[in-house]
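Participant: Dropping the structure in here first, questions after.
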Amino acid sequence: MRQFFLFWRTVLILSLSGAAATAGVNVLTYHNDNSRTGDNLRETNLTPANVNVDTFGKLFAYSVDGDIYAQPLYVSGLAIPGKGTHNVIFVATEHNSVYAFNADSDAGDIGGLLWQINLGASVTTPNPDFGNRYGGFNQITPETGITGTPVIDLGTQTLYVDSFTEEGTNYVHRLHALNIANGRERAFSPVTVSASIAGNGVGGTNGIVTFDPKQELQRSALTLASGILYVCYAGYGDTDPYHGWILGYNPANLKLSTNHIFNSTPNSTVVNFGDDAGEAGIWMAGCGLSEDSSGNLYLATGNGSFNAFNGSGGTEYGDTFLKLSPSREMSVLDYFTPYNQAYLADNDIDLGSGGVLLVPNQPGPIPHMIIGGGKQGMVYVINRDMFTTTNNHYNTNGNYDAVLQTVALNGGDYETPAYFNGMVYFTASEDVTAAFSISNGMLSLPASSTGSRTFPFPGATASVSANGQNNGILWLIERANPATLIADDANDVSSEIYNSDQAGDRDQLPSGIKFAVPTIANGKVFVGGHDALSVYGLLPFANTPAPGNYCGLFYASNGVQISQSGYLNFTVSKSGHYLARLLMASNICSFTGQFHGAGATSTSLKVGGQSPLEIQMQYAAANPTVLTGTIGNGIWTANIIADEELFNARTNPCPYAGEYTVVVHSPNNGDPMEPQGNGFGTVSISAAGQLKFQGALADGAPVSQVTTVSSTGQWPLYASLYGGHGQILGWVNFADTPSSDLSSDLAWIKLSGIKLASANAKIYPAGFAFAPVLEGSRFRLGKARAPVLDFSAGELTLTGGAFSGGFTNYFTVGPNGKVSSTNKSTLTLAASTGRFTGTAPNPLGGHTVSFSGVFLTKENYGAGYFIDSGLSGAVYLGPQ
């Protein structure tokens, strides 16, 4: 039964089968490539034309055992022993688990899970043993395990990943090499991460600085570059001592290569640099090292010690962009440090809070560029062939930087910029998305386009899908609870073509994770979050609503308000096209549309003086079928539910067909500000389920409706009153019980200050809003000499108005149904409808009072109202 203020209805969530695995793209590393562009330029399924709430949405989701900080990775057409060939999505969690899922379907006996492996006990956080500089470490909670994005070597079919485990009093980083076909460790895997380097820096002894796993967070993505596997580290909550480490391994056996180790602050001592000596961690919002065509590596470091002044030979590189040569034992080929490095370090405004983008080769005088930003919100555009003018790596003599360009964003930069078709995209913290075109080694100013959505901390790292240079879409995840997947037109980011909030619960994500990056491949979008991987794609067209007529109501779950509630009717064709009619206050609007995908549609409708209404509907293949959705204008939102009309007079006659009398009970509490009588009416239902209602409310307002009754006995009662300044609304339930045949709680509203000519609009000018109760029963049509009433001696009672003391008249009913009374009152009962009318003498003298009502045969009494001196009163008719 639908109750008046409650609008709960189970909505079927569809588990959709995907296409068979086909050859397609692979996403094997963070942000798609070692330039960190975020591009998938081989996406032929998703376009700006079909990525919308009608045709695109959430297909299914996989539950996992922890938060997903790492970007999901993707392999097309992978053979899984005993399970066939699939497109596979790989996910790593903070619980130290790695999963391989069918990227196209969660159906089947295995529910889409191809394999899973756990790599050891994760570390509970906050933890008193580490990361406590600013209190308990709470940047990653409630556990820390796998944080950095793994990397896949498709040639050897191996996934490399770093796990962090707690083993008694020890904390351990391990590097694992997993077979992507079954999740098993390679024969040489795992290895414990350990390293040392010559230096006098904090945490070291006897001229050797040693890697301390308890102090080192593996945040940035793993990188495979020129035959070396690189793993980078920073600190937990800036808790000293720690350093920025890059460790290079031979991927064939996981042996550490001593020629591929880099420490960003190897000689930082407390004596020379104070209590915060060392640091300069490699965070980069989860981005991995970038690599150019010559095999050189690029990165940015965070706050830390710095002494690499021009020509000084210093070795400490806090807050610095670096270019390293793996072929020269990780020597620094070039670098740039902002002139205000000391200020950045002293105020925890890391330069390396964001990732480094290697811009694809550009025409003009500056073909090779790198771009990155930091917490200060400053973006640095750098010539990677010569970082700074005249190698002025650190400008000690001014308040500017000798790079190609600096551009200020409106918030801190905690992202990796994305690139597509000559455009660079930023979404800073507390800022909108900004797209800059590139010309002659510079970013266009102002931005070519900007979005309208402001992203909370930490902003968002975008990914791009396109078919070559066409159909570019910028994909972002807004961190919130729930998170939101957003798609912008890559050519104009002011055009938001889709977001996962538009379809209500259908596309909802779990709560968001910092620095989460969407992965797009073969027509699917994969979003990691809190304990789940969500999969989005084009919705199948096989689930359009059954053709027919649907009728229902809309109102907010917390109550009914005028101009925010009403009645909807949809007539749907076989193709999913529909013609709809909306009744709301004084508005009657017709509109058309098309159901797409998994029975979804959205429409923008201008109604009255309001902002356009956004109507979103979803077909649910329940039994009986229903349409559910929302309607609103950005200020208010109401829920919609509409039932399919299923009855047919010949093949499926309506069991509720017949005639009914109904009474709408007012409070009858003596309040002179509210109607005190009982409204009434008659209901006629045909064998085809068509319902006609005709009656009057207790203040005399006429009420009528033509609609249909659902197969479950639901009548969506709605009538606009008082020229659109009032209404009555509610779901009426048909049920054959000992005391009634139909009942409901309703909402009856009249606004104040109505200036209409009709008499019923003039009374109760202050307006009212309350919840009357409707009850009714089938009416047995009277026949000749067969009375309607089931008693011969009855009483008629009037209360309220002039009859404040109550008036009772006794009467008798003859065998022919005729009423006899001993006083001046009259009473006439219509045997064909159950309505009664009459008059009663006014106890205050003067005119008589007219009354009317209906008789309820199952309840064996009648009720109605009268109006006297601008007030209504109640009428009761029943046995003595």
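The values are calculated or read from the model by the stated rules, or taken from the named source; none is laboratory data. As the structure is a computational prediction, the values presented were derived from the model and not from experiment. No Cβ is skipped: glycine too gets one built from the backbone with ideal geometry, and neighbour counts run over all protein chains shown. Ligands, DNA and RNA are excluded from the accessible area calculation, which covers all protein heavy atoms including side chains. Shrake-Rupley method; radii C 1.70, N 1.55, O 1.52, S 1.80 Å.
Participant: Across region 95-105, in residue order, what do the Karplus-derived ³J(HN,Hα) couplings come to in whole Hz, using 6.51 cos²θ - 1.76 cosθ + 1.60 with θ = phi - 60° and x for Gly and Pro?
Facilitator: Couplings: 8, 6, 10, 10, 10, 10, 10, 4, 6, 10, 7 Hz.
Participant: Let me ask another. Taking one equal scatterer on every alpha-carbon of the chain, how large is log10 of I(q)/I(0) by Debye at q = 0.07, 0.08, 0.10 1/Å?
Facilitator: -0.67, -0.78, -1.00
Participant: With +1 on each Lys and Arg Cβ and -1 on each Asp and Glu Cβ, how big is the dipole of the chain about its Cα centre, in debye rounded to the nearest 20?
Facilitator: Charge dipole, the chain, about its Cα centre: 3660 debye, nearest 20.
Participant: Follow-up. What is the percent of Cα-Cα separations in region 641-794 that go past 18 Å?
Facilitator: Result: 61 percent of Cα pairs exceed 18 Å.
Participant: In µm²/s, what is D for region 364-513 at 4 °C and 1.567 mPa s, where D = kT/(6 pi eta Rh) by Stokes-Einstein and Rh is the Kirkwood radius from Cα pairs?
Facilitator: It diffuses with D of about 79 µm²/s by this estimate.
Participant: Quick one: Kirkwood hydrodynamic radius for region 219-327, alpha-carbon pairs, angstrom, one decimal?
Facilitator: Working: mean 1/r = 0.0705 Å⁻¹.
This gives a value of 14.2 Å.
Participant: Could you sort the peptides 678-688, 300-310 by per-residue average Cβ neighbour count (10 Å cutoff), highest mean leading?
Facilitator: 300-310, 678-688
Participant: With no solvent and one point per C-alpha, what does the Debye sum give as log10 I(q)/I(0) for region 564-680 at q = 0.10, 0.23 Å⁻¹?
Facilitator: After summing over all Cα pairs, the log10 values are -0.46, -1.24.
Participant: Still on this structure, please answer the following. Between region 682-713 and region 298-323, what's the alpha-carbon centroid distance in Å?
Facilitator: That distance is 80 Å.
Participant: Would you mind working out the accessible area per residue for the chain, using a 1.4 Å probe, and quoting it in Å²?
Facilitator: 37 Å²
Participant: What does the charge add up to near Ser449, with Lys and Arg as +1, Asp and Glu as -1, over the other residues with Cβ less than 10 Å from its Cβ?
Facilitator: Working: positive: none; negative: Asp488, Asp489, Asp492.
That works out to -3.
Participant: Compute the signed sum of charges (Lys and Arg +1, Asp and Glu -1) over the other residues within less than 14 Å, Cβ to Cβ, of Thr223.
Facilitator: Summing Lys and Arg as +1 and Asp and Glu as -1 gives -3.
Participant: Which ³J(HN,Hα) values in Hz, rounded to whole numbers, follow from the phi angles of region 347-352 under the Karplus curve 6.51 cos²θ - 1.76 cosθ + 1.60, where θ = phi - 60° and Gly and Pro get x?
Facilitator: For region 347-352, the Karplus-derived couplings read 10, 6, 10, 4, 5, x Hz, x marking Gly and Pro.
Participant: Please name which of Phe426, Asn395, Leu222 has its Cα lying farthest along the dipole of the chain towards the positive end, using unit charges on Cβ (Lys, Arg +1; Asp, Glu -1) and the Cα centre as origin.
Facilitator: Going by the charge dipole, the pick is Phe426.
Participant: Out of residues 5 or more away from Thr433 or on other chains, whose amide H comes under 5 Å of its own, with H placed 1.01 Å from N in the peptide plane?
Facilitator: Residues meeting the amide H criterion: Gly451, Arg453.
Participant: Report the equivalent ellipsoid semi-axes for region 351-397 in whole Å, largest first, defined as the square roots of five times the eigenvalues of the gyration tensor built from alpha carbon atoms.
Facilitator: For region 351-397, the semi-axes come out at 19, 17, 7 Å.
Participant: Under 5 Å between amide H atoms, partner at least 5 residues away or on a different chain: which partners does Ser852 have, H built in plane at 1.01 Å?
Facilitator: Residues meeting the criterion, in which the H sits 1.01 Å from N, are Tyr865.
Participant: Over the Cα atoms of region 181-262, what is the Rg over Rh ratio if Rh follows Kirkwood?
Facilitator: Taking Rg over the Kirkwood Rh, I get 1.00.
Participant: Let me ask something else. Dividing the convex hull volume of the Cα atoms of region 433-477 by its residue count, what figure in Å³ per residue is obtained?
Facilitator: Spread over its residues, the Cα hull of region 433-477 gives 108 Å³ apiece.
Participant: Separate question: Putting +1 on Lys and Arg Cβ atoms and -1 on Asp and Glu Cβ atoms, find which of Ser463, Pro190, Asn179 reaches farthest to the positive end of the dipole of the chain.
Facilitator: Projecting each Cα onto the dipole axis, the largest value belongs to Ser463.
Participant: Eigenvalues of the Cα gyration tensor times 5, then square-rooted: what semi-axes does that give for region 440-529, in whole angstrom, largest first?
Facilitator: They are 23, 16, 13 Å, listed largest first.
Participant: Right, another one. Translational D (Stokes-Einstein, µm²/s) of region 803-854 at 20 °C and 1.002 mPa s when Rh comes from the Kirkwood sum over C-alpha pairs? List each step's numbers first, then the result.
Facilitator: On the way: Rh = 12.1 Å.
Value of D from the Cα-based Kirkwood radius: 178 µm²/s.
Participant: Quick one: pull the percent of accessible area on the chain belonging to carbon and sulfur, 1.4 Å probe, ligands and nucleic acids left out.
Facilitator: In the chain, the share of accessible area belonging to carbon and sulfur is 50 percent.
Participant: Give me, ordered by chain and number, the residues 5 or more places off Gly377 or on other chains with an amide H under 5 Å from its own placed amide H.
Facilitator: Amide H to amide H, under 5 Å and 5 or more residues apart or across chains, Gly377 pairs with Asp413.
Participant: Which whole-angstrom value gives the distance between the alpha carbon centres of region 97-148 and region 429-450?
Facilitator: When both Cα centres are located, 35 Å separates them.
Participant: Please report, in Å, the Rg and the Dmax of region 190-236, where both are computed over Cα atoms only.
Facilitator: 12.3, 34
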